Structures are given as structure tokens and as C-alpha cells.
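Novice: I'd like to ask some things about the structure below.
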Amino acid sequence: MLTGRADRELVQRAVQFGVNNYCVKPFTVQGLRDKIEQVFGQLT
């Protein structure tokens with residue numbers, strides 16, 4: 001999930017609904033890539 005909000009309640013609700021990774025804006029390209037790779041494996 002990519003969002004501009006990082007409040008604890010929102011993160012907890014997202015996890016309850018099956019979100020398996022959470023990225024808060026602002027983010028770096030490398031940070032986003034790391035999150036994607038945590039879910040899908042190494043990008044080529």
C-alpha cells in the first residue's frame with residue numbers, strides 16, 4: 001500500500017485487510033523498489 005498517511009490506526013486497519021507491505025510518501029525510488037522486492041522477489 002502506498003499512502004501519504006502513516007498514523008498507527010490506518011496501518012493496523014490496512015494489515016487487517018491484507019496489506020502485506022506499507023510505503024509512506026515521500027519515498028525514494030530505491031525504497032519503493034525494496035518494498036516491491038519484499039513482496040514479489042528480486043526485480044531484473
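Novice: Taking the Cα centre of the chain as origin, sum charge times position over the Cβ atoms of Lys and Arg (+1) and Asp and Glu (-1), and report the length of that vector in debye to the nearest 20.
Specialist: Approximately 100 debye in magnitude.
Novice: Ignoring everything except DSSP H segments at least 4 long, calculate the 222 nm mean residue ellipticity for the chain; use -39,500 (n - 2.57) per segment, divide by total residues, nearest 500.
Specialist: Calculated from helices alone, the mean residue ellipticity at 222 nm is -14000 deg cm²/dmol.
Novice: Could you give the spread of the C-alpha atoms of the chain along their three principal axes, from largest to smallest, in whole angstroms?
Specialist: Sorted from largest, the Cα extents of the chain read 34, 22, 9 Å.
Novice: Using a Gaussian network model of the chain whose springs link C-alpha atoms within less than 10 Å, name the residue from Val11, Val19, Val29 with the highest mean-square fluctuation.
Specialist: Evaluated over the chain, the most mobile residue of the options is Val29.
Novice: For the chain, what relative contact order do you get, as a whole percent, if you take Cα pairs closer than 8 Å and at least 6 residues apart?
Specialist: 41
Novice: Ok, one more. Output the 0 to 90 degree angle, nearest 10, between the alpha-carbon long axis of helix 29-40 and the longest principal axis computed from the alpha carbons of the chain.
Specialist: Tilt of helix 29-40: around 80 degrees.
Laboratory data are not the source of any read-out in this text; all were calculated from the coordinates shown. Bear in mind the structure is a predicted one, so any value in this text is a computation, not a measurement. Cβ coordinates were reconstructed from backbone atoms using ideal geometry, including for glycine residues, and neighbour counts include every protein chain displayed.
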